[in-house]
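K.L.:
First the structure, then my questions, so here it is.
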Amino acid sequence: MDASTKTRLPLKTIVSIVVIVLCIPVIIGLSLLLPGQGGMYAISAIVIAMVMAPFILAFEGRRPQARELVLIAVMIALAVAGRAAFFMVPQFKPMIALVIIAGVALGAESGFVTGSLSAFISNFIFGQGPWTPWQMFALGLIGFLAGMLFAKGRIPTKRLPLCIFGALSALLIYGLFMDTSSVLLMTNLLSGQSALAIYLAGLPFNAVHAVATVLFLIFLAPFMIEKLERVRMKYGLLGNIQ
């Protein structure tokens, strides 16, 4: 196998990048033009369909085993349950940490699916709204990046790198995306002053979210990643993680 073959991105990864970078942002942008709950649900359904496309390609023509889907479903359920369990503490949630763990242990596409569907399903508890597609995209992107960066030892899955990635994800991906959605969705007359006020008001909440993500990664990541990888390798689940 020559060097070009080794470095060539698989089709599923190329499709995932196109979906994340181009398709989903365009769809979320269109959601700004569709006010009301009906439009929000339609946009969320389209985002889910796009999220599933690269995941389906990840099977690369083979027949998926039921336990492969169950493993991802378990991670989604844990993320939803974790968000619900800490509903009394604003922003102090294990959700981002669990999405990162899913991406690291199960691969980028599985992390993308886990993050996006966790946001959508948990909002049946916390309330659906025009912010839902933004949450789906932000959490899905975090799971995808975790898989891309930490899979196959590109970055060692040690506590410090994971915690740094978790903190930056909470602040610069999830926090920034949700603050931007607030700017676009809650401001009648957009101005630099009103946008700055929203971003500054969101900083303390994003900081709490980052701290929570780091703490949950410290306590959960080593144990859960080891167990998930052991199950995946034992039963040959999800093919070769790229």
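K.L.:
Among the helices (runs of 4 or more DSSP H) contained in region 96-196, which hold 2 or more residues that are under 17 Å from THR213 (Cα atoms) and of a type in the set (A, V, I, L, M, F, W, C)? Working first, answer last.
P.N.:
Working: elements: 108-126, 132-150, 159-168, 176-186.
Once the helices (runs of 4 or more DSSP H) in region 96-196 are filtered for at least 2 residues that are under 17 Å from THR213 (Cα atoms) and of a type in the set (A, V, I, L, M, F, W, C), what remains is 132-150, 159-168, 176-186.
K.L.:
Are any of the residues in region 198-217 without any contact (Cβ under 8 Å) to a residue 60 or more places away in the chain, surrounded by fewer than 17 Cβ atoms within 10 Å (Cβ to Cβ) and not in a helix (DSSP H, G or I)?
P.N.:
no
K.L.:
Checking VAL47 against (1) surrounded by fewer than 23 Cβ atoms within 10 Å (Cβ to Cβ); (2) modelled with pLDDT of 70 or more; (3) over 30 Å from GLY153 (Cβ atoms); (4) not aromatic (Phe, Trp, Tyr), which test does it fail?
P.N.:
Tallying (1) surrounded by fewer than 23 Cβ atoms within 10 Å (Cβ to Cβ); (2) modelled with pLDDT of 70 or more; (3) over 30 Å from GLY153 (Cβ atoms); (4) not aromatic (Phe, Trp, Tyr), VAL47 fails exactly one: (1).
K.L.:
Looking only at residues in region 113-135 that are closer than 14 Å to TYR174 by Cβ, at pLDDT below 90 and not polar (S, T, N, Q), which one is surrounded by the most Cβ atoms within 10 Å (Cβ to Cβ)?
P.N.:
PRO133
The values are calculated or read from the model by the stated rules, or taken from the named source; none is laboratory data. This structure is a prediction, so every number in the text was calculated from the model and none was measured. Backbone-built Cβ (ideal geometry, glycine too); neighbour counts: all protein chains shown.
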